[in-house]
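In what follows, a single structure is set out as structure tokens and then discussed.
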Amino acid sequence: TINSTGSYTIPRWCDYLDLIVLGAGGGGGGGNAALSGTGGNPGTFNSVTLQRGVDIAWTATSFSVTVGGGGGGGTGNFALGLAGTAGGSTTINWGGGTLSGNGGGGGGGGNGGSRTGKAVTTGNTNSNRDLALNGQTYVGGGTSTGAGSAPGGGGYGGSSSNGQAGAAGRAWVRAYQ
């Protein structure tokens with residue numbers, strides 16, 4: 001599990017690497033006296049399995065990893081409600097390739113939509129927020145009535161107040177034979 005930007009050292013003994021990325025959640029929109037802000041959108045999952053000597057060179061020793069930061073909540077008060085900002089993308093780069101999970105968009109400001117920060121989904125069903133890959137499960141953040149649920153969940157929208165920040169993204173690397 002990788003929670004911050006840096007690098008991952010590839011174990012010499014492995015034959016396969018599962019790479020999983022999840023973008024950060026967007027911030028919730030700020031609300032005004034008439035209309036609340038909407039909840040931020042979640043980051044998206046992406047994954048790939050690499051075989052050493054086929055998809056990447058045996059001589060490759062590491063990956064660079066960038067973990068997206070959560071989007072900021074929009075400003076809200078009696079008179080105005082501004083949109084939240086988008087969450088950052090999470091990426092893994094290796095010689096010859098990049099895997100990216102996009103950050104979620106910020107919630108709208110003062111538009112009266114649902115305030116709940118949105119949960120990560122894998123596209124299978126709206127309630128399925130976890131990604132399964134090669135016998136392992138990678139958990140995405142759920143819905144939120146505050147700051148975004150980690151990892152990757154959207155922030156809560158404000159009501160005559162600021163929206164909440166989205167949750168940071170995450171990356172996972174699984175090495176095996």
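Rule-based calculations on the coordinates, nothing more; no lab input. Note that the coordinates shown come from a computational prediction; the quantities given were computed from them, not determined experimentally. Cβ placement follows ideal geometry from the backbone for every residue including glycine, while neighbour counts extend to all protein chains displayed.
Checking each residue in region 1-56 for being more than 17 Å from the chain's Cα centre (by Cα), among the aliphatic types (A, V, I, L, M) and either closer than 30 Å to GLY96 by Cβ or surrounded by 21 or more Cβ atoms within 10 Å (Cβ to Cβ) (or both) picks out ILE10, LEU17, LEU50, VAL54, ILE56. Looking across region 137-155, the residues that are more than 15 Å from the chain's Cα centre (by Cα) and either under 19 Å from ILE2 (Cα atoms) or among the hydroxyl-bearing types (Ser, Thr, Tyr) (or both) come down to THR137, THR145.
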